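Colleague: Structure incoming, see below.
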Amino acid sequence: MILEDGFAPNGYTYVAALSGCTNLRAERIGKELHGRMYRTEESINSFVTNCLVNFYGKCGLLKSARLVFDGTLEPNSVTWASLISCYFHCGEYQEGLTMFVSALRRGMIVNEFFVGSVLGASAATKSLKLGMQIHSLVVKSSLGRMDQFVVTGLINFYAKCGRLDLARRSFDEAEAPELHAWTALIGGCVQLGSGREAIDLFCKLLSSDLKPSERTYSSVLGAFADVKEVGKQIHCRIVKLGFDSFSFISNALLDFYSKSDLFEESLNLFREMKEHDVVSWNTLIAGCVSSGWYEEAMRFLTL
DNA sequence: TTAGGGTTAG
């Protein structure tokens, strides 16, 4: 539209457009914009270049992201952080870490963006040693006291590595943990079998100024298998909030009913769902088996 | 006016 109107896009335009393409994973349009930039080279600056790296990487086109990065004369900390996060985003943890080490060698200062990324990679690969090294950097630089991404990253990392004690400590040491941090800790408690602690935290969250999100509900649901009636009330609340339209919430509800030995409720819910994905089916079939409904399980498997 | 990082179910 801007082109049809006779205006030439500038750097600001490209940054906005490329960011949109990244969020929407609009590969074709992003590539077109990249081609167009070569004809108006004056609009290419470091902001645009960094957006290009991020655009290609988040679309899974790591080679293109790397080409743009390698063509950058003086990559700054954002260029490095973008490329590293793209490697992690695509599951290329080793290459991402190699680039992180290169960034440090080139004199980049570890900031909250690098820390957030590397903590995520440490969580995904369950690398307790690496994450703890990053944690010590966080303590030395006081990053964790200020940045919520770092706080949540630490909680998530420790929980994924099975260290609920250290996840809890990171949470307690944060000045004012925000919702993401609460959700990460609650999810960690549930995953590591501390349902009681998860419910206590969830109650505290409800009485705070923060409002649990659909992700918080999906994290906590598993903790209610031991207290079915409360779990059913949570289900009502989820419906009132309109969160049951999210497929991952429906799946978490399916799981809750299966674990609570309320398999018929689970089956009813499955029938009411508009869409089923592979998780819905897996949950349903696992529920059949654990309830001793083997014939139904076979029937669903062969449908 | 512009770029990068965290939480979700089996």
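Colleague: Output the pairs from A:LYS204/A:LYS274; A:LYS140/A:LYS160; A:LYS58/A:LYS126 with a Cα-Cα distance over 26 Å in this structure; if there are none, say none.
Modeller: A:LYS204/A:LYS274
Colleague: Which residue, A:TYR38, A:TYR158, A:TYR87, tops the fluctuation ranking in a GNM of chain A built on C-alpha contacts under 10 Å?
Modeller: Checking each option, the largest mean-square fluctuation is seen for A:TYR38.
Colleague: Then there's this: Once you've got the GNM for chain A with C-alpha springs shorter than 10 Å, pick whichever of A:GLU42, A:GLU112, A:GLU229 has the biggest mean-square fluctuation.
Modeller: Among A:GLU42, A:GLU112, A:GLU229, the largest GNM mean-square fluctuation belongs to A:GLU42.
Colleague: May I pose another question? Straight distance only, please: which lysines reach the Cα of A:LYS232 with their own Cα at less than 18 Å, same-chain residues fewer than 8 apart left out?
Modeller: Straight-line reach from A:LYS232, under 18 Å: A:LYS240, A:LYS259.
Colleague: Give me the 1.4 Å probe accessible area per residue for region A:160-303, excluding ligands and nucleic acids, in Å².
Modeller: On a per-residue basis, 56 Å².
Colleague: Normalise the Debye intensity by I(0) for chain A, one equal point scatterer per Cα, no solvent, then take log10 at q = 0.14, 0.15 Å⁻¹ and round to two decimals.
Modeller: Values returned for q = 0.14, 0.15 Å⁻¹ are -1.10, -1.16.
Colleague: With bins 5 Å wide starting at 0, give me the P(r) of region A:175-256 over every alpha carbon pair, in whole percents.
Modeller: Percent of pairs per bin, in order: 3, 16, 28, 29, 18, 5, 1, 0.
Colleague: Carbon and sulfur: what percent of region A:83-148's accessible surface (1.4 Å probe)?
Modeller: The value for region A:83-148 is 57 percent carbon and sulfur by accessible area.
Colleague: Another question, then. Roughly how many nanometres apart are two label points built 7 Å out from the Cα toward the Cβ at A:VAL227 and A:GLU275?
Modeller: About 3.3 nm separates the two model spin labels.
Colleague: Need the full-extension length gain, A:CYS236 to A:LYS204, defined as separation in residues times 0.36 nm minus the C-alpha distance. One decimal, nm.
Modeller: Taking A:CYS236 through A:LYS204 to full extension adds about 9.6 nm, to one decimal.
The values are calculated or read from the model by the stated rules, or taken from the named source; none is laboratory data. Keep in mind that this is a model prediction, so the values were computed, not measured. A quick note on method: Cβ atoms are made from the backbone with ideal geometry, for glycine too, and the neighbour counts reach across all protein chains shown. Just so you know, the surface numbers come from the protein's heavy atoms only, side chains and all, with ligands and any DNA or RNA stripped out. Shrake-Rupley method; radii C 1.70, N 1.55, O 1.52, S 1.80 Å.
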